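The values are calculated or read from the model by the stated rules, or taken from the named source; none is laboratory data. Everything numeric here is computed off the predicted structure, so don't read it as measured data. No Cβ is skipped: glycine too gets one built from the backbone with ideal geometry, and neighbour counts run over all protein chains shown.
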Amino acid sequence: MIEGGVDAVEIGFPYSDPVMDGPVIQEAAEVARKNGITMAKTLDIVKEISATGVPTLLMTYWNPIERYGPEKFAHDFSVEGMEGVITPDLPIEEAGVWLATAKENSIHSIFVIAPSTGDGRLKDVTSNCSGFIYAASSMGVTGTQTSVANTASALVERVRKISGTPVAVGLGVSNRVQASEVAKFADGVIVGSAFVKAVLQNPSDPATAVRKVAEELSLGVRER
């Protein structure tokens, strides 16, 4: 991924009930869980990736953090170089402990906003994001799509009026054309399922497949 041109690496922790994710990442999560991925092993992955100097983030549902212990989680992962955490199912109203713990350990707290997010809530959520704001391009789940919803640009425009924090758009971006399109109006392009799909479909040489995806997407982003 890094050799292919990505600017940051997001590690998705596999969870048994990934409500925000589509079938591709659901399948990958099940495979990972069967193969014995744990928080301890994920910690090693964070250490390995952060050692390259590329910003390293983790995306996880709240339950695994709660079970590990928020304070211990923030400390252990921060020590190994993790810079931010995306928590897609943590409501901002219940995030007080996490926000304080993350700040104490110099971890960026990244929340997800959607086209349906009302103005009042949009202000509450974005004011508590650091690093960047994750803007979902549509109301669906993760997965490659034939086109990126026009609602994404409108959502980013709404955020720009109330926040100076960078905005990255995710959900549905899978090729060079889409990446270029999103890069017109967003600060970052988030891609997950396209990489996971490349791994699942190329078990004999996943690294080459992943690098090709990264190169294609990077070309699209840098065209803008």
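Scanning region 1-30 for residues that are without any contact (Cβ under 8 Å) to a residue 60 or more places away in the chain and outside any loop (DSSP other than H, G, I, E, B) turns up VAL9, ILE11, GLN26, ALA29, GLU30.
Applying the criterion of being closer than 23 Å to SER174 by Cα and of a type in the set (Val, Ile, Thr) to the residues of region 7-38, the residue that is modelled with the highest pLDDT is VAL9. Among the residues making up region 191-224, those that are at pLDDT 95 or above and among the charged types (D, E, K, R) are ASP205, ARG211, LYS212, GLU215, GLU216. Among the numbered conditions (1) over 15 Å from PHE185 (Cβ atoms); (2) touching a Phe, Trp or Tyr at 6+ places or on another chain (Cβ under 8 Å); (3) modelled with pLDDT under 95; (4) buried (at least 17 other Cβ atoms within 10 Å of the Cβ), the only one that ASP89 does not meet is (4).
For region 18-45, the candidate set comprises residues that are among the aliphatic types (A, V, I, L, M) and in contact with a Ser or Thr (Cβ under 6 Å, 6 or more places away or on another chain); within that set, the residue that is surrounded by the most Cβ atoms within 10 Å (Cβ to Cβ) is ILE25.
The residue of region 189-222 that is nearest to the chain's Cα centre (by Cα), among those that are among the charged types (D, E, K, R) and more than 19 Å from PRO166 (Cα to Cα), is LYS197.
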